[in-house]
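Report on one structure; see the data block that follows.
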Amino acid sequence: MKSNVRTIGIDDAAFQREKSSKAFVFGVIIRGYSLVEGVLRTEVEVDGKDATERICQMLIQSKFHNQVKSIFLGSATIAAFNIIDLNFLYEHTSIPVVTILSQIPNEDEVKNAISHLVDWKKRYEILSSNPPIQQINFVNQLGRKCSMYIQYAGFERITEVQKLLEIASYSSCIPECLRLADLIGQSFKSFII
């Protein structure tokens, strides 16, 4: 895997749970761990069902679609409980997908959190059909040992994901593209759409 591989980190913007009906979603494209090459944006419904489709459209319609070698997500949920179908995202963009988590979500807490939604069983079904969560260990660019949890689609072996994380992560255990997408999203804390 090349050290200047292009990856995109995708994360939602901060939103006001009681007031926001939609949330911005940002994608930051980085080559290696340091060269920012672009920023994409779309919007999704808070607690909606359009995240997978909107992210697919954002990627496919961008000039980066054929250049990006991996999609990094902070989790399979975005804008509260708008569930991302990781297999569908990979199949429709032809870009391998990785979610990276610091801890394994508690299944009972997840069920409880989404149970107020009318179609919570269908959402939970999508979450459950996503690839299994696995632990991964890698060393970032500064030599820090990282232990995280991932789900992935589109890679043949977990060692490919490990190598990619080593290339894309600089000072933290989060790939730079995802870390920057989160920083951009956090700047929208008081913004309502």
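Just so you know, all these numbers are worked out from the coordinates, no wet-lab data involved. As the structure is a computational prediction, the values presented were derived from the model and not from experiment. With ideal geometry, Cβ positions are generated from the backbone for all residues, glycine too; neighbour counts draw on all protein chains shown.
Ignoring lysines fewer than eight residues from LYS19 along the same chain, the ones with Cα atoms less than 27 angstrom from its Cα are LYS49, LYS111, LYS121, LYS122, LYS189. For LYS22, list the aspartates and glutamates whose Cα falls under 13 Å from its own Cα; do not include residues on the same chain fewer than 8 positions away. List returned: ASP12, GLU43, GLU45, ASP47, ASP50. Over all pairs of different C-alpha atoms, the stretch 8-121 has a mean inverse distance whose reciprocal, the Kirkwood radius, equals 14.8 Å. Shown for ARG31, ARG179, ARG17: other C-beta atoms within 10 Å of each C-beta, ranked fewest to most, produce the order ARG17, ARG31, ARG179. Looking at the stretch 1-58, the GluC sites (Glu not before Pro) that sit in a DSSP loop and have at most 16 other Cβ atoms within 10 Å of their own Cβ are GLU18.
P(r) tail for the chain: Cα pairs beyond 25 Å make up 31% of the total.
Straight-line reach from LYS69: taking Cα to Cα under 22 Å and skipping same-chain neighbours fewer than 8 places apart, the lysines in range are LYS2, LYS163. Peptides 94-100, 2-8, 113-119 ordered by packing proxy, namely the average of other Cβ atoms within 10 Å per residue, highest first: 94-100, 2-8, 113-119. Extension gain, LEU35 to ASN87: 0.36 nm times the residue separation minus the Cα-Cα distance gives 15.9 nm.
Please give the residues of the stretch 13-36, grouped as numeric ranges, whose backbone N is less than 17 Å from a label point set 7 Å along the Cα-to-Cβ vector of LEU183. Output list for this probe position: 13-14, 26-36.
Each label was represented as a point 7 Å from its Cα along the Cα-to-Cβ direction; for SER190 and ALA113 these points are 2.7 nm apart. Multiplying the residue separation of PHE64 and GLN16 by 0.36 nm and removing their Cα-Cα distance gives an extension gain of 14.2 nm.
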